[in-house]
Amino acid sequence: MRLREKVCLITGAGSGIGQSTALLFAAEGAEIVVNDLDADKGAETVRRIGEAGGTAVFLQADVTNPEEVRLMAERALERFGRIDVLFNNAGISGVGRLHEIEPDVWDRIMSINIKGVYLPSKYIVPHMMERKRGAIINMSSCVAEIGLARRASYAATKGAVLALTKSMQVDYAPFGIRVNALLPGTIFTPFVEQYLHRSYDDPEEAIASIKKRQLSEELGLPEDVAKAALFLASDESSFVMGAPLYVDGGVVFG
Ligand code: NAD
C-alpha cells in the first residue's frame, strides 16, 4: 500500500484520467476526495471506490469558482482533517488555430485549465504549509513542449501549467511541499474519443496518426497516467521536485 493514511483530493475525478487515478490511489490505501463539476460522474467514481472497499467522498465544485473551491477545501478538511496530496487534473480540450478561436472560447479554456490549477492550490497550500508537508501534481500535457497542429489555446494553457508548477515548487519547497507536473501524450479517455470522432471519419486513420507520433506501438490509457501520478503522490518520489514527467509513449522525442 503506497498511499496508506494519505488523503488525496483529485479534481475532475469523475472521468478519464482523474477517475482512473482515484481508483488506483484508493486501492493503494488513500482516502479520496473526488471533485467534479458533474455530480453523476463524481458519484460514480465514489461508488466504484466503495465497491472495491475503499473510502471516498464526492465534493462538487467548479474549479474556476473561488467560493465553490474554498468551500470544497474547507469541507475536505472538516471530513478528513488533512490533505496530503492535491491532484489538479480537471481540464478541457481546445481545437483550432489561433485566428479561428472565439474570445469566449479562449477565456473558457484559460479559466478551466489554468485558474482551475490556481484556485484549488490557493485554498489547500496554506494547510500544507502549516503541516510542512504535501504533494501537488499539476496536469500539463506534452503539447506544452512540442508544436501540435490546431492546439493553440490548449497548448498555451498546458505551457502555463508547467511554468506555474516550477514557480510553485520554488516557493513552497521550504514548507516541505513537492510540486510536479504530468505531461501525457494522447490518452484514450472520453475527452480524446470525442475529439477523434469529431475530427476523423475513419477511427483507424485517427489511431494510425496517433501511433505515428509516438515511439511506442501501444495506445496510452488512463491507467498509464494514474501509475505516474501514484509515483508523484507517494513518498517514493520524495527527491523529485518541480519535474515534468512525460507519459506519452515517446511523443516528445519521436
Ligand atoms: P475527461 O473529459 O475524461 O475528464 C475531465 C473531467 O473534468 C470531467 O469529469 C469533467 O466533468 C471535469 N471538469 C471539467 N471542467 C471542470 C470544472 N470546471 N470543475 C471541475 N471539474 C471539471 O478528460 P481526461 O482526458 O481524463 O483529461 C484530464 C486532464 O488530463 C485534463 O486536464 C487534460 O487536459 C489532461 N490531458 C489529457 C490528455 C488525453 O489525451 N486525454 C493528454 C494530456 C493531458
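All of the numbers you see were taken from the coordinates with simple rules; none came from a lab. Since the model is a prediction, treat every value here as computed from it, not as a measurement. When we count neighbours, we look across all protein chains shown, and the Cβ atoms used for this are built from the backbone with ideal geometry, even at glycine.
Computed from phi, the 3J(HN,Hα) profile of region 40-47 under the Karplus parametrisation 6.51, -1.76, 1.60 (θ = phi - 60°) reads 5, 5, x, 5, 5, 5, 4, 4 Hz, with x in place of Gly and Pro.
Here Val95 and Met129 are evaluated by their C-beta separation; at R0 = 41 Å the FRET efficiency comes out at 0.60.
Extents of region 44-164, taken as max minus min of Cα coordinates on every principal axis and listed largest first, are 47, 34, 26 Å. For the chain, relative contact order (Cα pairs under 8 Å, six or more residues apart, normalised by length) works out to 19 percent.
Using a 7 Å offset from the Cα along the Cα-to-Cβ direction at both Arg150 and Asp202, what is the distance between the two label points in nm, to one decimal? With each label placed 7 Å out from Cα toward Cβ, I get 1.7 nm.
Between the C-alpha center of region 100-129 and that of region 61-82 there is a gap of 15 Å. Sparsely packed loop sites in region 1-93 (the trypsin sites (Lys or Arg not before Pro) outside DSSP H, G, I, E and B with at most 13 other Cβ atoms within 10 Å) comprise Arg4.
State which entries of Lys115/Lys212; Lys115/Lys227; Lys41/Lys227; Lys6/Lys211; Lys6/Lys158 exceed 31 angstrom in Cα-Cα distance in the structure shown. Table pairs above 31 Å Cα-Cα are Lys115/Lys212; Lys6/Lys211.
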